[in-house]
Amino acid sequence: MKIGALFAGIGGLEKGIEDEMHAHGIEPELLWQVERSDFCRSVLAKHWPGVDRSVTDVRRAGSGTLPRVDIICGGPP
């Protein structure tokens, strides 16, 4: 199950979704996180080093800039 995150913050929502999916035998794959804060992006990079964070502005997030996912999650902006 492929996941993308908007307004990712430090990744709490993604972590919860991944944990719950693992608990139900589903293998999640976090493909991208959109976050503009440099601090938050450094935390995300530590926990998900291989995830694409090339888009930092949610207004530029879309099918032309990010791969298709099954689930899009997002925190409050």
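The values are calculated or read from the model by the stated rules, or taken from the named source; none is laboratory data. This is a predicted model, so every value here is computed, not measured. Cβ atoms come from the backbone with ideal geometry, glycine included; neighbour counts cover every protein chain shown. Ligands, DNA and RNA are stripped out before the accessible areas are found, and what is left, the full protein with its side chains, is counted by its heavy atoms. Shrake-Rupley method; radii C 1.70, N 1.55, O 1.52, S 1.80 Å.
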Express the relative contact order of the chain as a whole percentage, based on alpha carbon pairs under 8 Å and six or more residues apart in sequence.
47
Hey, can you grab everything whose amide H is under 5 Å from the amide H of GLU29? Only 5+ residues off in sequence or another chain; H modelled, so Pro and N-termini drop out.
LYS2, ILE3
Please give the per residue accessible area of the stretch 1-50, computed with a probe of 1.4 Å over protein heavy atoms only, in Å².
59
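Helix-derived [θ] at 222 nm for the chain: sum -39500 (n - 2.57) over DSSP H runs of at least 4, divide by residue count, nearest 500? Intermediate results must be reported in sequence, preceding the final value.
On the way: 2 runs with 22 residues, N = 77.
The per-residue figure over the chain is -8500 deg cm²/dmol.
Got a number for carbon plus sulfur as a percent of the chain's accessible area, 1.4 Å probe? Numbers along the way, then the final one.
Numbers: 2690 of 4910 Å².
The C+S portion of the solvent-accessible surface of the chain is 55 percent.
Which FRET efficiency value, to the nearest 0.05, is calculated for GLU29 and SER54 with the Förster distance at 25 angstrom and r the Cβ-Cβ distance?
0.90
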Skipping prolines and chain starts, which residues have an amide H placed within reach, meaning under 5 Å, of the one on VAL34, given they are 5 or more residues away or on another chain?
ALA5, LEU6, PHE7, ALA8
Determine the gain in length on full extension of the stretch GLU20-THR65; use 0.36 nm per residue of separation and subtract their C-alpha separation, reporting nm with one decimal.
13.4 nm
Can you work out ³J(HN,Hα) from phi for every residue in the stretch 30-42, in order, using Karplus 6.51 cos²θ - 1.76 cosθ + 1.60 and θ = phi - 60°, giving whole Hz and x for Gly and Pro?
7, 8, 8, 9, 10, 7, 9, 6, 4, 4, 4, 4, 5
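If you wrap a convex hull around the alpha carbons of the chain, what volume per residue comes out, as a whole number of Å³? Write out the running numbers ahead of the final one.
Values: hull volume 6.1 nm³, N = 77.
Expressed per residue, the convex hull around the Cα atoms of the chain is 80 Å³.
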